[in-house]
Every structure is written in structure tokens, then in C-alpha cells.
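Presented below is the structure to which this report refers.
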Amino acid sequence: MTATNNNNKKRGLGRGLDAILQSPDTDITSADISGNYVAGAIAELDIDKIETNPFQPRTDFDETALKELSESIKTQGVIQPVTVRKMGYDKYQLISGERRLRASKLAGMKKIPVFIRVANDEQMLEMALIENIHRESLNAIEVAISYQRLVDECNLTQDQLSEKVGKDRSTVANFLRLLKLPAEIQIAIRDGFISMGHARAIISVEDKTQQLLILKRIIDENLNVRQVESIVRGVNSKDAKKIVKNKDVVPESFKKHAGNLSKALNMNVKVNRNSRGKGSLTISFKNDQEFDRLMEYINKGN
């Protein structure tokens, strides 16, 4: 009876760790079948044998930064190995290090140093998320999404999560709260138009419409965090009657021109105008490269 129960438990593991280790369809625990590498090894693998990570938390990869890393790899090589899990018969799946993998491909590298691990899907997700949070400069929204996935898909409490990522529970909670903000504000955080400090101030305002009006003021007036906190205190005070002044009407022709300029520059362009015809045109850039591109565009008209 006991043996039968044990067998049923093994079958119930599915593609879990035990099933992978015992499967005759893989060579994860044997060096004799493939003649190459086993779990626990640090080795150089052919890049084309590594599958991309389906659990990758990063969604944006800066092309300029990738090119810079690629040039560094051409001269210095890959200093820090990427982490993969062995799938069997010289098949591997990336756990962390996608920037290094992409940059190595861009550099024309045929092999890349790797650290080989064994993990089931849940362990894979947990390792990928935690390692990327620590090793990659994820933006605040990507970190928040990674934390939420650890909570939802790995069944972690916020206390367990804070312990695993080495952060205070309050820090973890602040990141998770970002996901309650409207999509427009999350995008502004992701794209670097506002900081996490701005977002933490906005989130204390309950009304979504008010939050979006404050977001507009931050971008249009280039407000710092203290200024936003002051606005929020006014909004939340009992005798506050006005939230944000946003009554100036911009003609449709102005909006159309601003939209065309935004498409041409691939940058965020805002136009404001009051009833007396006075206004401003704001072009937001995310880095020095975008600023240089903007200057080139302007100088072409001279």
C-alpha cells in the first residue's frame, strides 16, 4: 500500500524537479549521454543552444545601452556568466542575464559563459525574478510587476517576499502599490517622466481623475517631489475646493502639430495655451542621446 502511494506521488509531480531528474528523456544528472555539461557546472555554451526565458521580468531593453555593452563584450568578453537551467540533451533555458545574452549575440559571439542550474518551473520563475531584481537596473514598474508575480505565482506572502529579495516589507509594499495607479501613471514611471517619489505622493490621492491631473502638472511644470507633496496635501485637506487648474483650452490645430512633432521626434511633446494666447511647448527626453537627436533635428532647419 505504501509503495503504491509513493508511486502515485511521483507521478503527481509532473514536470517538477523529481520528474526531471528521473526522466530518461533528459541528461540533466548524467555527463555520459550528451558528453558535455551537467547541472552545477560553469561552462561555455553555444549561444544558439540557449532558449530565451519565458519568465523574463524585463520588458524594455535600451538599444543604445545594448550596443555599448556589445562593444565592451567584443574587447573584454562576458565578465559575469549568465545563469541557465539544463533542459536535457544540450538544451538550456535562460534564467537570468538576458542583456548579456542579447549583447553577446549583437557582438557576434558564438559562445557565452554560463552557470548551469536545475529548477522546475516555479523555482525557475522565482530565481529569474529575484536574480533580475538584484542584477539588472529594472525600472520601478518592472520591479513592482516582478514582486507581484512572486506573490501570485510563487505563493509568497509579503513577509516572505521581503526576506527573499532582501528589502524591508514597507519597501516591497510601496512597489506593489504602484500597480494600483492608473495605466497612464505607470507608463510615466516606466518611461522616466516621473520618479517613484512622485508616484508615492500621487497614490495618496484617492480619485483617479485627480491623480491624472497631478501627473499632467508634474510633466508640464517639471515639478519636484516636494512640490507634488504640497499639492497632494492641499487636495487631501478638508477645505480644498480646487485640485489642479487645468481649464486652458488648446486648439485642435495646436494639438495636431504637437502630435506630428511627437511622431517625428519619437518623443513626448506637450503644448499648453491660455485664453490670452500665451503658452508653452514642452519636449521631454529620456537621456543624453535623445537630447542630441533633438538638437540635430532642430539644427537641420537652420
query: So which helices (runs of 4 or more DSSP H) stay within region 142-221 end to end and still have 2 or more residues that are more than 30 Å from Arg273 (Cβ to Cβ)?
result: 158-165, 169-178, 196-202
query: Pairs under 8 Å by beta carbon, first residue exposed (fewer than 13 other Cβ atoms within 10 Å of the Cβ) in region 277-302, partner assigned to a helix (DSSP H, G or I) and among the polar types (S, T, N, Q), six or more apart or different chains?
result: Asn287/Thr64
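Could you tell me whether Phe175 is under 29 Å from Arg226 (Cβ atoms), open to solvent by 50 Å² or more (accessible area, probe 1.4 Å), touching a residue at least 24 places away in the same chain (Cβ under 8 Å) and not small (Gly, Ala, Ser)? Walk me through how you get there before you give the answer.
Details: under 29 Å from Arg226 (Cβ atoms): yes; open to solvent by 50 Å² or more (accessible area, probe 1.4 Å): no; touching a residue at least 24 places away in the same chain (Cβ under 8 Å): yes; not small (Gly, Ala, Ser): yes.
No; evaluated as a whole, the condition is false for this residue.
This table checks each residue for (1) out of contact with any Asp or Glu (no Cβ under 8 Å at 6 or more places or on another chain); (2) open to solvent by 70 Å² or more (accessible area, probe 1.4 Å); (3) at pLDDT 85 or above.
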residue: Asn139; (1), (2), (3): no, no, no
residue: Ala144; (1), (2), (3): yes, no, yes
residue: Gln148; (1), (2), (3): yes, no, no
residue: Val151; (1), (2), (3): yes, no, no
residue: Asn155; (1), (2), (3): yes, yes, no
residue: Asp168; (1), (2), (3): yes, yes, yes
residue: Leu181; (1), (2), (3): yes, no, yes
residue: Gln186; (1), (2), (3): yes, no, yes
residue: Val205; (1), (2), (3): yes, no, yes
- line: Residue hits (region 256-276; modelled with pLDDT of 85 or more, open to solvent by 60 Å² or more (accessible area, probe 1.4 Å) and touching a strand residue (DSSP E or B) at 6+ places or on another chain (Cβ under 8 Å)) are His257, Lys270
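The values are calculated or read from the model by the stated rules, or taken from the named source; none is laboratory data. Only a predicted model underlies this, so the values are computations on that prediction, with no experimental measurement involved. Glycine gets a Cβ as well: all are built from the backbone with ideal geometry, and neighbour counts include every protein chain shown. To get the accessible areas, we keep the full protein, side chains included, count just its heavy atoms, and leave off ligands, DNA and RNA. Shrake-Rupley method; radii C 1.70, N 1.55, O 1.52, S 1.80 Å.
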